Amino acid sequence: MGAPYQSGPLPFERHTPEPQQVRFAMIGLLLMGGCLGASGVLPALWSLGLALDVIGAGVCFAAMAAAMLLATVVAARIRIQGRLPARGIASAGAGVLGVALILLSLVDGESWLIYPVALAGVGAGLIAAGTGETLSRALTRRRGSALLHLGGVFFGFGAAAACFSAWILAENLGWRNLCLLYAAAAFALGYLIRRGPQIVFEDAGKIQWSSVKISPIMVLLLLTLLIQAGSHGLLGGWLALYLTRQFEITTLGSLGVLMAFWIALTCGRVYSGRLRALGSRTRSAVVVSGFVVLGCLFLLNSVDPSGGVVGALMLGAGMGALHPLTLEYASHAPGAPAERLFRFSFAMTLVVGAASAAAAAPLANTHGMDAVMWLALWLAVATPVALAVIALEERLSAAATPAG
C-alpha cells in the first residue's frame, strides 16, 4: 500500500487539491449520503414489517444521533492527541456500519432496533469525522467551490442510490436482505478507503481556543449550516413516511418519491452556480428558499399524490441549491475561518440531521404528520433570514473598516 501520504501546505494555500485527499473525501461523502438515504428507507419499511410507529422511529433517530455525537467526540479526541489516522477512522467506521446493518437484518422485534441502530450511528459518526477532516484539508482557494460542488454530488448520489436499491429490490428481497445489501456496500467502500494512501496531518494539534476569535458572522454561518443539515435529516428521514400517511401512497411508491427528492437535491447543487445571474447571494438565497417554501406548501395542502410528488421535487431542488450558496458565504465572509467551519459542519451534518428527525417524532405523534412539514417550512424560512443578517453584518463591517 506504500508509505503514508503526508499532507502538504495548510488548506487554501495550494492552487489545486491533492488527488489522494479528494478521492478519499468523495468515497466518504458517498457513504455519508448512503447513510442518510437509508435512514429514510428503513423506517418506512419497518413501519410494515415490524409495525414501527412514529414514536418508535423517533427513538431510533435519537439513538442514532447520540451515537454519532459520541463517535464524533471520540474521533476529535484521537485527532488532538497528535497524528490523525484519517483513513483508519473512516474505514473503521465503514466496518462498524456494515456490522450494524448485518445485526439489523437479524432483528425480529421493534424493541431490539435501538441497539444495532445506535451501532450504525457510531459507524456513521466515524465516517463523517474522517471525511470532514480530509475534505477541509483538501479545499483550496482556486478549486474550493468546485470541490464542494463535487462533494455535494457524491453525497446526493449516495442517498439516491440507497433509495433506488430499495425501490427496485425491497419488494423481492425484503428489508432484511436489503440491510445485507447495504452492509456489503459499506464493506466495499470501506475497503476502497483502506486500500488508499494513509493520510496523516502533522499539524493536527489541539486548538488554542483562547486565540480563536468568534465573530457574529462565524456564529450565524455555523447556525445556518446546522439549520440546513437539520432540514436534510428531517426530510430525508420522514418524507417517505409522510407520503405514505398523508397521501396513501404505497411504501414502494414513497421510496421512489424519496429517490426523486435526492436526485432533485443533487441537480439543485449542480446548477446552483447559475443562480449568480440573479445578483447577490442573498437575493439568490431568498429565491431558492421560495422554492423550498412552495414545496412544503404543496405537501401540506395537496390532496392528490401528484401534488406530493411536485412538492418533493421542489423541496429537493431548492434545498440542493441553497446549501452551496451558504458555503460561498463561508468561503468569502470576513472573520469566518472557513476550514474550521467546514470541518465542524461536515462532522455534525449527520448528527444534527438525525437529531432534528428525532425531535419531529413527538410533534408528529401529538399534532399529526403535518407537524413534520411545518417544521421543515420554518427551517426553510430561517435560512434566508440568517443569510440576510450575515449580509448586513458584512456591510457594517466593511463600512467600519476604513474608519478604523
- [ ] State, to one decimal in nm, how far the label point of L396 lies from the label point of V219, with both points 7 Å from Cα in the Cβ direction.
- [x] 1.1
TODO: Pop a pseudo-label 7 angstrom from the Cα along the beta-carbon direction at both N177 and R77 and give the gap in nm to one decimal.
DONE: 4.2
- [ ] Beta carbons within 10 angstrom, averaged per residue: use that to sort the peptides 288-297, 259-268, highest first.
- [x] 259-268, 288-297
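Read the figures in this text as sums done on the coordinates, not as results from a lab. Predicted model, so just to flag it, every value in this text is computed and none were measured. Positions of Cβ are backbone-derived with ideal geometry, glycine not excepted, and every protein chain shown enters the neighbour counts.
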